[in-house]
Structure formats: structure tokens, C-alpha cells
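The values are calculated or read from the model by the stated rules, or taken from the named source; none is laboratory data. It should be emphasised that the depicted structure is a prediction, and the values quoted were computed from it without experimental measurement. Neighbour counts are summed over all protein chains in view; Cβ atoms, including those assigned to glycine, are modelled from backbone coordinates with ideal geometry. These area figures cover heavy atoms from the full protein model, side chains too; ligands, DNA and RNA do not enter into them. Shrake-Rupley method; radii C 1.70, N 1.55, O 1.52, S 1.80 Å.
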Amino acid sequence: MAVSFIESSKLPTPWGVFDIHGFEDTENSKEHVVLTLGDIGDSEPVLARVHSECLTGDALFSMRCDCGSQLRAALEAIATEGRGALFYLRQEGRGIGLMNKIRAYKLQDAGADTVEANEQLGFGADMRDYSLLTVMCEHLKINKVRLMTNNPRKVKAFTDQGVDVVERLPLQTGQNPHNAKYLATKSGKLGHLF
Ligand SMILES: Nc1nc2c(ncn2[C@@H]2O[C@H](COP(=O)(O)OP(=O)(O)OP(=O)(O)O)[C@@H](O)[C@H]2O)c(=O)[nH]1
Ligand SMILES: [Zn+2]
């Protein structure tokens, strides 16, 4: 992991004018961004969301998951508070990449759940690495967060980097008939809290 800060600029959105901060991992050429709003470097807990890239859900309106809805809800919550940070990490498919996620979807169409599909492809259930948060939090001077997630691994990811998670806020939105099994597997096999 060799993550470094590249540049920041303004990013107007339907919910407000955020700042976008770009980071690059030169080890794997992955580019990540953090969207921030307000003064987050004042050492008060920051309303935060760590969002893992999901091209299908975030940009293509897929109903197989809840990602697009969670992304919108997180940005809305940050805008309502007027202060916060959304870490958009390029960990597509829980770290296996887009093509492998499509392979996994194909196996799910034939009956596998999300964990079984990953395993049939030779991957672990969740291959995400959160260590890049260290550089991002140091750069943005974030040392305490109120974290919007249902995933206890993300809470641990921050505490492992020395960032205090003062509160976990559930982020439950976007349920529909197409993602019922996916959400059930998250709570049954992956430890998500619903
Ligand atoms: N391998 C695989 N990845 C998936 C699948 N469906 C969604 N994803 C990816 O899962 C990631 C989102 O993670 P989730 O496990 O849904 O949720 P989370 O981020 O752990 O937890 P929350 O913070 O509560 O949303 C994104 O990178 C998606 O691309 C799937 O069926 N298989
Ligand atoms: Zn998704």
C-alpha cells in the first residue's frame, strides 16, 4: 500500500457543494476519493461513510444490492448536518473487481448466495483492505467519527487505524424484492447488523 494525496477541488452535488480530495495508490494504480463538507479538521467527531465502489449499484441503478440508495442517503445525511466525510473506496465487488462480480452474479443467478459465489470463484467472502484509511484520515485531520454502516468490519477498520468510532449509525435503505436474499446473506453470513 503506497497511498498519497494528489489534489482537492470543489464538487457541486444536488445536496450541496462538497470538496473532493483525490488519493492514489501507486502499488495497484487505484484512485480513491473522499468527499467532505464543512470544517472537519476541528477534532470534533465527523459524520462519516466508507462506501465501497459498486458500479452497477452506484451508477447503473442496479437493484441487486442496496449500494446506490446507501450512497445517496449518506450524502444527504452529511448535507443535512452540514459537515462530514464520504470515503469512496475503489474496492469494487468487495475487492474482487467488476468482472469477477459479474461472474459471481452469474453463479447467484444459478442459486448460489453472495458468499458461496465468491468461494466458488476462489476468493474469500470479503477481500477489502481498509488500511488506506490511515493516510486519508491523517491528511484530512480526522481522528473521531460517527460512522454510518451496518458492517462491524468497517468499525474495526477505523479503530485499527487509531481513529475513534464514537457512534455507529445504521444505514438501512434501498430494500427491494431483488436484493432480499443478498441482504439476508449479509446479516446471516457476513455479520452485518440489521
Ligand atoms: N463479490 C460480490 N460483491 C458484491 C456483491 N454485491 C455487492 N457487492 C459489492 O459489495 C460492496 C458493498 O458492500 P456490502 O457488503 O454490500 O456492504 P458493506 O459496505 O460491507 O456494509 P455497509 O456499510 O453496511 O453498507 C460493493 O463493493 C459492491 O460492489 C456480490 O454479490 N458479490
Ligand atoms: Zn452494490
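Quick notes
- Verdict on THR185 being more than 8 Å from ligand 1 (Cβ to nearest atom), closer than 25 Å to ALA73 by Cβ and either part of a loop (DSSP other than H, G, I, E, B) or without any contact (Cβ under 8 Å) to a residue 12 or more places away in the chain (or both): no
- Considering the conditions (1) open to solvent by less than 30 Å² (accessible area, probe 1.4 Å); (2) in contact with a His (Cβ under 9 Å, 6 or more places away or on another chain); (3) within 14 Å of ligand 2 (Cβ to nearest atom); (4) of a type in the set (A, V, I, L, M), ALA104 is excluded by exactly one of them, (2).
- The stretch 1-58, residues that are out of contact with any Lys or Arg (no Cβ under 9 Å at 6 or more places or on another chain), among the acidic types (Asp, Glu) and touching a residue at least 60 places away in the same chain (Cβ under 8 Å): none
- Check on GLY93, surrounded by 20 or more Cβ atoms within 10 Å (Cβ to Cβ) and more than 13 Å from ligand 2 (Cβ to nearest atom): no
- Within the stretch 4-44, the set of residues being open to solvent by 20 Å² or more (accessible area, probe 1.4 Å), in contact with a Ser or Thr (Cβ under 9 Å, 6 or more places away or on another chain) and of a type in the set (A, V, I, L, M) comprises ILE20 only.
- For the stretch 44-75, taking the residues that are of a type in the set (Lys, Arg) and farther than 20 Å from LYS156 by Cα, the one that is farthest from ligand 2 (Cβ to nearest atom) is identified as ARG72.
- LEU47, sole failed condition from (1) within 11 Å of ligand 1 (Cβ to nearest atom); (2) over 11 Å from the mean Cα position of the chain (by Cα); (3) open to solvent by less than 30 Å² (accessible area, probe 1.4 Å): (1)
- Residue list for the stretch 124-164, restricted to those being among the β-branched types (Val, Ile, Thr) and under 20 Å from SER187 (Cβ atoms): THR149, VAL155
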